[in-house]
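J.: Pasting in a structure now, in structure tokens, and then I'll have a few things to ask.
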Amino acid sequence: MLKHSLQFKLSQKLSPQQIQLMKLIQLPTQAFEQRLKEELVENPALESGKEEEELYEKDEFDNNDDYDEFDDNESIDADEINIDEYLSDDETPDYKLQANNYSDDDDDRETPFAAQTSFHQDLINQLNTFILSDEEHDIAEFLIGSIDDDGYLRRSIQDIVDDLAFTQGIYTDEKKVEKILHIVHELEPAGVGARDLQECLLLQLKHKTPTESIELATKIIEDNFEAFTKKHYEKLLQKYEVSQERLKKAIEEVEKLNPKPGGSFDTSSRVVEQIVPDFTIRIIDGELELSLNGRNAPTLHVSKDYQEMLKTYKDSREKSNSQKDAVQFIKQKLDSAKWFIDAVRQRQETLFVTMNAIMHFQQEYFLDGEETKLKPMILKDIADMIGLDISTVSRVANSKYVDTPYGTKLIKEFFSEAMKNDQGEDVSTLEIKKILKNVIEDEDKSKPLPDDQLAEILKEKGYPIARRTVAKYREQMEIPVARMRKKI
């Protein structure tokens, strides 16, 4: 029995080729293009674009190719290899063709780009406007280097004093470092170098032109920060004996501040992930039409030069050891190219078939765009429709985007569990979340609805779900608890 179980487990083991195919399927368009470029560089037997002449009518994947007759098991001394004799001039590596072939007068064809100053370098540059001794300047630079990308100094002054001694050979004390930190606090953007959110907000308020609202906001953040963060507005009204309108204006001043001053620096220099839709769904004459991004369907073929080399070898009467070794190398590259082309085609088919099934399953939504029309759909539903593994469907859904008439969507967002409404009908959890979100958006923000009241409202609308389920859905949508939604 144990032996049978072990044999079954072994039969389920994926081959290296299958694992590679799964990895290809998981790649979104841009990552797939990068993987394709790498393969084209690594394997000279793989070429992109259409072939110049269609000399061979047989299928590229015919297992009876001439080079398959070569015996892989022939033993050859590696020291005798002279592959250069068998490679054509066309296979010269790109780097050998691009070395210093331009005169000084040649135009630089590369697109110029502006050099960006980093966040930390900009802060260091600002230090030049302050009169500091060499030691003070070194301490200031070290403090700036300890600031994270959000603009905060998250380390204690004592730790910085110790690090200055151990790593910089600067022996100082906390009092002096604090003094230099106050200089760092004068740098732009305001709030940089703060040790916590409270200090960050205070630094920004002190940079502003004093007004009645700014002064009140400063007092609140300085002396009653906890009451402010918990939105205990009644307590603040009593404490400062001000009108609701005046408190509201002070709070509005705080809400204008930036809790991450470092994050606002030169956003143009930051790498922004660009989403390239892997599929497009359009409505043509009332019918859904699906297309796969053409960048997922490159034209690839096996190098004819490499095939010709094998044919020449086969036809030659005398076969030296160096020829055999060279041909063994060539055959390996051809086999790899054949497999990659086949894997790319399988990837295309898998992506299209999977998305096509999802589109038809959610046809009502794609024709209308109303999220409440999304039907309950789990990975198994689609896997059963197309006869693929759940893991394969998951790889497509988790990493791919589809461009729809209603915006670009991550495919996994169309999947949801089913719940019963008061009529006993299956409804999507997405539908319930949408209704919950609408209820919260329409609530009186001076008296936000707690989770138990939200559960009662959903029950009245025909969705009998528990308070803890409401809390779970609210958290999944990143909606805060009632107290934190309160507005004065």
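The values are calculated or read from the model by the stated rules, or taken from the named source; none is laboratory data. As the structure is a prediction and not an experimental result, all values here were calculated from the model. Ideal geometry is used to build each Cβ from the backbone, glycine not excepted, and the neighbour counts take in all protein chains shown. Note: areas computed on protein heavy atoms with side chains; ligands, DNA, RNA excluded. Shrake-Rupley method; radii C 1.70, N 1.55, O 1.52, S 1.80 Å.
J.: Calculate what fraction, in whole %, of the accessible area of segment 314-402 sits on carbon and sulfur atoms when a 1.4 Å probe is rolled over the protein chains. Can you show the working numbers first?
T.: Numbers: 1810 of 4140 Å².
Carbon with sulfur: 44 percent of the solvent-accessible area.
J.: Taking the Cβ of residue 227 as the centre, find all other residues whose Cβ is under 13 Å away and add up their charges (Lys, Arg: +1; Asp, Glu: -1). Intermediate results must be reported in sequence, preceding the final value.
T.: Values: positive: 219, 230, 231, 235, 239, 483, 486; negative: 222, 223, 226, 234.
Once positives and negatives cancel, what remains is +3.
J.: Given a 1.4 Å probe and every protein chain left where it sits, what share in percent of the accessible area of segment 166-270 is carbon and sulfur? Kindly include the intermediate steps, with their values, before the conclusion.
T.: On the way: 2880 of 6120 Å².
Heavy-atom surface of segment 166-270 belonging to carbon and sulfur, 1.4 Å probe: 47 percent.
J.: Related question: Where does segment 271-425 land on Rg/Rh, using Cα atoms and the Kirkwood Rh? All intermediate terms of the calculation are to be shown ahead of the outcome.
T.: Numbers: Rg = 23.0 Å, Rh = 19.0 Å.
Using Cα coordinates only, the ratio equals 1.21.
J.: Can you tell me the order of 185-191, 224-230, 280-286 when each peptide is scored by its average per-residue count of other Cβ atoms within 10 angstrom, highest first? Could you put the intermediate results ahead of the total?
T.: Details: 185-191: 19.4, 224-230: 14.3, 280-286: 11.9.
Sorting 185-191, 224-230, 280-286 by mean packing, highest first, produces 185-191, 224-230, 280-286.
J.: Please compute the length gained on full extension between residue 260 and residue 225, using 0.36 nm multiplied by the number of residues separating them and subtracting their Cα-Cα distance. Kindly include the intermediate steps, with their values, before the conclusion.
T.: On the way: separation 35, 0.36 × 35 = 12.60 nm, distance 1.75 nm.
Stretched fully, the residue 260-residue 225 segment lengthens by 10.9 nm.
J.: Still on this structure, please answer the following. What FRET efficiency comes out for residue 364 versus residue 148 if R0 is 51 angstrom and r is the Cβ-Cβ distance? Round to the nearest 0.05. List each step's numbers first, then the result.
T.: Working: r = 47 Å, r/R0 = 0.92.
Rounded to the nearest 0.05, the efficiency is 0.60.
J.: Moving on to the next point. If I model a spin label at residue 168 and residue 468 as a point 7 Å from the Cα along the Cα→Cβ vector, what separation in nanometres do I get?
T.: 5.3 nm
J.: Between residue 301 and residue 40, 0.36 nm times their residue separation minus their Cα-Cα distance comes to what? Intermediate results must be reported in sequence, preceding the final value.
T.: Numbers: separation 261, 0.36 × 261 = 93.96 nm, distance 1.08 nm.
Contour length minus the Cα-Cα distance gives 92.9 nm.
J.: Could you state the accessible area per residue of segment 156-259 in Å², with a 1.4 Å probe and every protein chain left in place?
T.: 56 Å²
J.: Which lysines have a Cα lying under 29 Å from the Cα of residue 333, excluding residues fewer than 8 positions away in the same chain?
T.: 13, 23, 37, 50, 58, 96, 304, 311, 314, 319, 324
J.: Oh, and also: Where the Cα atoms of segment 159-289 are projected onto their three principal axes, how long is each span, largest first, in whole Å?
T.: 74, 53, 26
J.: In addition: Tally Lys/Arg at +1 and Asp/Glu at -1 over every other residue whose Cβ is under 14 Å from the Cβ of residue 449; what's the total? Mind showing how you got there, number by number?
T.: On the way: positive: 437, 445, 447, 459, 461, 467, 474, 483, 485, 486, 487; negative: 441, 442, 443, 444, 451, 452, 456, 460.
Summing Lys and Arg as +1 and Asp and Glu as -1 gives +3.
J.: Taking K and R as +1 and D and E as -1, what net charge do the other residues with C-beta under 9 Å from the C-beta of residue 485 add up to?
T.: Working: positive: 231, 445, 483, 486, 487; negative: 443.
Combined, the nearby Lys, Arg, Asp and Glu give +4.
J.: For the residue pair residue 409 and residue 434, what label-to-label distance in nm results when each label sits 7 Å from Cα along the Cα-to-beta-carbon direction?
T.: Placing both labels 7 Å along Cα→Cβ, they lie 0.8 nm apart.
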